[in-house]
Amino acid sequence: MDLNWKISSFKPYEPGVFLIRNGIRFAAELSGNNECGIILYDINGQKTKIPFSEEGRYGKLYGIQIEGGSVLTCRYQYYDGKDILPDTYAQAVCGLEKWGGGKKGKRPVYGSFESSGFDWEGDAPLDIPYEDTILYGLNVRSFTMHKSSGVIHRGTFEGITEKIPYLKSLGVTAVLLMPCYEYEECMTISTIGQAVLPVDGQAERMTEIEKLDCWGFRKGFYFTPKASYSAGSSPVDSFKTMVKELHKSGIEVMMHFYFPPDMKQIDVIRILKHWIMEYHIDGARLSGFHIPFRMLMQEGFLNDTKIWCDNLPEEEAADCCKDQKNFSSDNGNFKNDIRCFLKGDEGFVNAVLTYQRHNPISHGVINYLADYDGFSLYDCVCYERKHNEANGEENRDGAERNYTWNCGAEGETRKKSIRQLRLKQLKNALTLLFLSQGTPFLFSGDEFANSRHGNNNCYCQDNAVGWVEWNRNDFAEEILSYTKFLISLRCGYRILHMKQALRVMDTAACGYPDISYHGVEAWRPDLGHASRIFGIMLCGRYAGEEPFFYIACNMHWEAHKLALPKLPADHVWVKISDTSGSSKECGADVNIRPIETEALIEVRERSISVYRSMMIPQKRKTKRGQRK
């Protein structure tokens, strides 16, 4: 070990590791009840202990400065009495490079140092507003780990980079990465095994099971990317390259962070700032405990960063987010209520109409019908009960209520009528997702009916159950084609993704409200408890010179008629999609059949049709005043 170092103390004000000229400053928060310090390991594994001194203590923070070029080649840990502690503030760690390489999660972890010579090539934030965002969630490993993904570097940041052309073709504008900061994925859980009968009566036996945590919702090393998600020797460079290439293609990068109950609120802000400055991420989704909402909202540095909070207090957002709209939250109970409506439950029309237009001025709302947890979108139409036996917990884990309908058979079936109904139900779900105001969130694989085989908690399934399978049959291709159509339609017309909330009023004095509701008679919707049908008209004049749209929805098991509202003179309605038909028939340019305004249209059972207005040229007058 090179001991020709200059060692001195300093009083730190925050924990972390800070590079200085020809050396490093270490700052650690330790108990102060024992001798404590730093252990340095050279490239040969030889170690040197350097104790902290009182001169470098400020409260429970200890600081030490080591100057000498060779210190940058060392690994390090802290010691506090007999305890050996990894540095949770390390900006690079080693010891976790091999996925699943630990035994019961007991691998030693060391802090290390990464050179900062990455060339960003002028990369800058894309600043895509919420209303223009198509958000796509994925797990870095599961997204491309299946052999059908067709990428060279499966399960890595590089694998995502290889999938950029696909993401572009889908219409994605932002990817949300599940936890991909460093964490120990090897874990042991205790579960109840078979009952045994001791002398004093019946008891249950606890069994320990070793698992891989594929989701990462645990405390980790928040300042560095996950090494096993990198195909190269530097996870830092791998992550930065992925971000840079996604930005070049017009796609933002958001990260999902989970904070356990013992997380310090001040660290949440430090972590976000670090990833924004060092890794150029565009936003974050925050889950867990004690998230400092008000502190985050008042942090000017984050004004241009998307922050999705699972449980954002709306009153605080309204109070703090007056000059920007960078915070967002789940759109109420959007997922469960719309799932209930889709399967034909009574009493959900009002809720669906409210969620469809909800778009507050103070913050964004995120709409989704499936996520990493719970059923995949395809499984929502195939399963009513969870099937988590493979998790090793005797199907005790996972949500009991899923608000789903299997369309007549639990799991896969060859019955044609059930498969056709499932296809239609998936299209219905996607239509309500992408034609609602707010920001749509689609989880990877749901755009082509990827299945998790009824497992609604596949956090430990590092296999075909948890991975996205990219092989697609005709069913999957139909769903993918329809998804692309909806995304293109939404992005093509501002009235389908407005910045401000629609008010259900004629505020522009143009003769039409911005959004209106209809039933068997125009302008008279049936909002009763037993109703399962409605029509929504969107007036494109509130978005410039755009057309009108009419969404005819029928979740009853019988066909119903709805009235098309009257349009301005020289306009007609054109059907551009029908979930009971083929995606090849979508689009006004495919099959133009004008429908007179105020006509009654039939909406088939359990289906949604979309109409768009089209201007017809005025007939030229003859010399006698007649029209041709």
### Query
Which residues, taken from segment 239-256, are closer than 18 Å to Leu272 by Cβ, aliphatic (A, V, I, L, M) and assigned to a helix (DSSP H, G or I)?
Val243
## Note on the structure
Of the residues in segment 137-162, those that are crowded, with 20+ Cβ neighbours inside 10 Å and either free of Cβ contacts under 8 Å to residues at least 12 places away in the same chain or assigned to a loop (DSSP other than H, G, I, E, B) (or both) come to Asn139, Met145, His146, Val151, Gly155, Thr156
### Among residues of segment 15-42, those that are assigned to a loop (DSSP other than H, G, I, E, B) and either among the hydrophobic types (A, V, I, L, M, F, W, C) or modelled with pLDDT of 95 or more (or both), counted
2
### Task
Pairs only if they're at least six apart or on different chains, beta carbon under 6 angstrom, first in segment 48-69 and under 15 Å from Asn22 (Cβ atoms), second open to solvent by 30 Å² or more (accessible area, probe 1.4 Å) and charged (D, E, K, R); list them, first residue then second.
Gln65/Arg25; Glu67/Lys6
### Task
Those residues that are surrounded by fewer than 12 Cβ atoms within 10 Å (Cβ to Cβ), out of contact with any Phe, Trp or Tyr (no Cβ under 9 Å at 6 or more places or on another chain) and among the hydroxyl-bearing types (Ser, Thr, Tyr), I need them from segment 1-51; list them, please.
Ser31
### Message
Take the residues in segment 229-257 that are among the polar types (S, T, N, Q) and surrounded by fewer than 21 Cβ atoms within 10 Å (Cβ to Cβ); name whichever of them is modelled with the lowest pLDDT.
### Response
Ser233
### Task
Would you mind listing the strands (runs of 3 or more DSSP E) fully within segment 269-377 where at least 2 residues are β-branched (Val, Ile, Thr)?
364-367
### Task
Could you grab me the full set of residues in segment 405-439 that are assigned to a loop (DSSP other than H, G, I, E, B) and either under 21 Å from the mean Cα position of the chain (by Cα) or at positive phi (or both)?
Cys407, Gly408, Gly411, Leu435, Ser436, Gln437, Gly438
### Where Glu97 falls short, out of the listed (1) closer than 28 Å to Gly16 by Cβ; (2) of a type outside the set (Lys, Arg); (3) at pLDDT 95 or above; (4) open to solvent by less than 20 Å² (accessible area, probe 1.4 Å)
(4)
### Query
Here are Glu477, Glu447: which of them is open to solvent by 40 Å² or more (accessible area, probe 1.4 Å), in contact (Cβ under 8 Å) with a residue 24 or more places away in the chain and within 24 Å of Gly150 (Cα to Cα)?
Glu477
### Members of segment 567-605 that are touching a Lys or Arg at 6+ places or on another chain (Cβ under 6 Å) and either open to solvent by 40 Å² or more (accessible area, probe 1.4 Å) or at pLDDT 90 or above (or both)
Val574, Ile576, Thr579, Ser580, Glu598, Leu600, Glu602
### Message
Give me the residue from segment 201-228 that is open to solvent by 40 Å² or more (accessible area, probe 1.4 Å) and within 21 Å of the chain's Cα centre (by Cα) and, out of that set, modelled with the highest pLDDT.
### Response
Phe217
### Query
Where residues in segment 494-514 are out of contact with any helix residue (DSSP H, G or I) (no Cβ under 6 Å at 6 or more places or on another chain) and crowded, with 18+ Cβ neighbours inside 10 Å, which of them is nearest to Glu585 (Cα to Cα)?
Met498
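The values are calculated or read from the model by the stated rules, or taken from the named source; none is laboratory data. Computed from a predicted structure; not experimentally measured. Reconstructed Cβ throughout: ideal geometry from the backbone, glycine too, with neighbour counts over all protein chains shown. Areas reflect the complete protein model, heavy atoms only, side chains present, ligands, DNA and RNA absent. Shrake-Rupley method; radii C 1.70, N 1.55, O 1.52, S 1.80 Å.
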